[in-house]
1. Run down 69, 105 and say which single residue is touching a Ser or Thr at 6+ places or on another chain (Cβ under 9 Å) and within 18 Å of residue 190 (Cα to Cα).
2. Residue 174 is checked against (1) more than 16 Å from the chain's Cα centre (by Cα); (2) assigned to a strand (DSSP E or B) and fails just one. What number does that condition carry?
3. Among 174, 162, which is the only one that is open to solvent by 10 Å² or more (accessible area, probe 1.4 Å), outside the structural domain of residue 215 (by the TED database) and small (Gly, Ala, Ser)?
4. Being part of a loop (DSSP other than H, G, I, E, B) and aromatic (Phe, Trp, Tyr) is the filter here; which residues of the range 35-70 pass it?
5. Would you pick out the residues in the range 173-194 that are under 26 Å from residue 76 (Cβ atoms) and in contact with an Asp or Glu (Cβ under 7 Å, 6 or more places away or on another chain)?
6. Within the range 252-300, how many residues are open to solvent by less than 20 Å² (accessible area, probe 1.4 Å) and of a type in the set (D, E, K, R)?
7. Restricting the range 184-212 to residues that are among the hydroxyl-bearing types (Ser, Thr, Tyr) and in a strand (DSSP E or B), which is surrounded by the most Cβ atoms within 10 Å (Cβ to Cβ)?
8. Being within 22 Å of residue 291 (Cβ to Cβ) and either in contact with a helix residue (DSSP H, G or I) (Cβ under 6 Å, 6 or more places away or on another chain) or among the basic types (Lys, Arg) (or both) is the filter here, so list the residues in the range 215-259 that pass it.
Amino acid sequence: MAMRQTPLTCSGHTRPVVDLAFSGITPYGYFLISACKDGKPMLRQGDTGDWIGTFLGHKGAVWGATLNTDATKAATAAADFTAKVWDAVSGDEVLTLAHKHIVKTVNFTQDSTCLLTGGNDKLLRLYDLINPEAAPLEIAGHTSAIKKALWCNNDKQILSASEDKTIRLWDRNSMQEVKTLTFNTTVSSMEYVPDGEVLVITYGKTIAFYNALSLDLIKTVEAPAPINSASLHPEKDFFVAGGEDFKLYKFDYSTKEELESYKGHFGPVHCVRFSPDGELYASGSEDGTLRLWQTAVGKTYGLWKCVLPEDMGAENSEQLYTSTPEIKA
């Protein structure tokens with residue numbers, strides 16, 4: 001009898017959830033931040049989805065959100081032409097960084113001293129968080145809006161994805177373009193996996209894996225529907241993807257075989273990410289919810305409690321384990 005996936009539903013947002021990110025593993029567990037068109041990014045406990053707090057201050061849709069490794073700082077990118085840096089412990093706003101257009105993406109260096117931003121003005125900006133009054137360094141080159149920008153190669157290089165149908169690799173010191181990948185359609189998402197230097201990108205129905213340093217193609221996989229986001233498991237056994245058909249797909253990374261698909265959302269899936277321990281993955285959707293899904297269905301973890309079939313009466317033999325399906329935010 002197959003185990004039934006019971007996702008944990010995190011409500012609280014009132015508009016589509018367009019981006020999410022996990023922190024690293026800290027002494028207090030790990031954390032999850034979500035960006036939403038309601039302008040109110042939320043912080044949650046990563047393994048349970050329990051709401052911790054909402055960052056209040058943006059005056060428009062929030063398109064991007066991230067946490068630093070130890071979850072002490074958060075950063076958000078918004079339609080109010082600002083990026084903001086927050087104290088993720090107190091919830092207080094630390095910095096507002098004014099831009100000339102909508103900001104779509106934010107990313108901290110590993111030491112949290114520099115913030116990378118990108119957006120509709122086509123420029124990458126590097127803000128020195130030790131000296132925030134200083135003007136940011138700017139990198140020009142993209143010919144359309146930047147959708148995602150990430151530090152890579154121990155923060156010595158930058159990867160950026162744009163609506164100009166390119167992904168570009170930049171050198172931090174020289175601020176020069178190192179290499180460009182060109183596609184026949186806009187790239188919908190980009191994930192960087194430092195362990196092994198893997199770049200995961202999605203465009204159309206394709207999930208593609210590249211070496212992040214050379215931008216050489218490793219492999220591509222075709223999904224059954226247009227995909228908006230994909231994430232590679234930390235141990236590179238699996239990857240998950242979600243998109244326009246409301247489903248979450250799980251594939252074997254080595255064989256490319258589709259292993260599972262789950263429908264839980266009531267709208268397109270905009271973002272999906274594995275937790276840092278690989279035990280679950282989170283998805284954010286047009287339906288305004290986040291959902292947490294188990295990597296190994298039926299395992300006791302977080303709010304999921306494994307129930308063995310022999311422990312159960314005949315009347316409820318269909319459900320092999322129990323969980324709290326709704327989390328009140």
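The values are calculated or read from the model by the stated rules, or taken from the named source; none is laboratory data. Since the structure is predicted, the reported quantities are computational estimates derived from the model, not experimental observations. Counting neighbours? That spans all protein chains shown, and the Cβs are built from the backbone with ideal geometry, glycine included. Please note that ligands, DNA and RNA were not included when accessible areas were found on the heavy atoms of the full protein model with its side chains. Shrake-Rupley method; radii C 1.70, N 1.55, O 1.52, S 1.80 Å.
1. On the way: 69 fails: within 18 Å of residue 190 (Cα to Cα).
Among 69, 105, only 105 is touching a Ser or Thr at 6+ places or on another chain (Cβ under 9 Å) and within 18 Å of residue 190 (Cα to Cα).
2. The failed condition is (2).
3. Numbers: 162 fails: open to solvent by 10 Å² or more (accessible area, probe 1.4 Å).
Of the residues listed, the single one that is open to solvent by 10 Å² or more (accessible area, probe 1.4 Å), outside the structural domain of residue 215 (by the TED database) and small (Gly, Ala, Ser) is 174.
4. Kept after step one, since they are part of a loop (DSSP other than H, G, I, E, B), are these residues of the range 35-70: 37-41, 46-50, 55-61, 68-70.
Hit for the range 35-70 is 55, nothing else.
5. 186
6. 0
7. Residues of the range 184-212 among the hydroxyl-bearing types (Ser, Thr, Tyr): 185-186, 188-189, 192, 202-203, 206, 210.
The next check asks that each one be in a strand (DSSP E or B); those that pass are 189, 192, 202-203, 206, 210.
On the way: 189: 24, 192: 18, 202: 26, 203: 21, 206: 19, 210: 22.
Within the range 184-212, the match that is surrounded by the most Cβ atoms within 10 Å (Cβ to Cβ) is 202.
8. 247, 250
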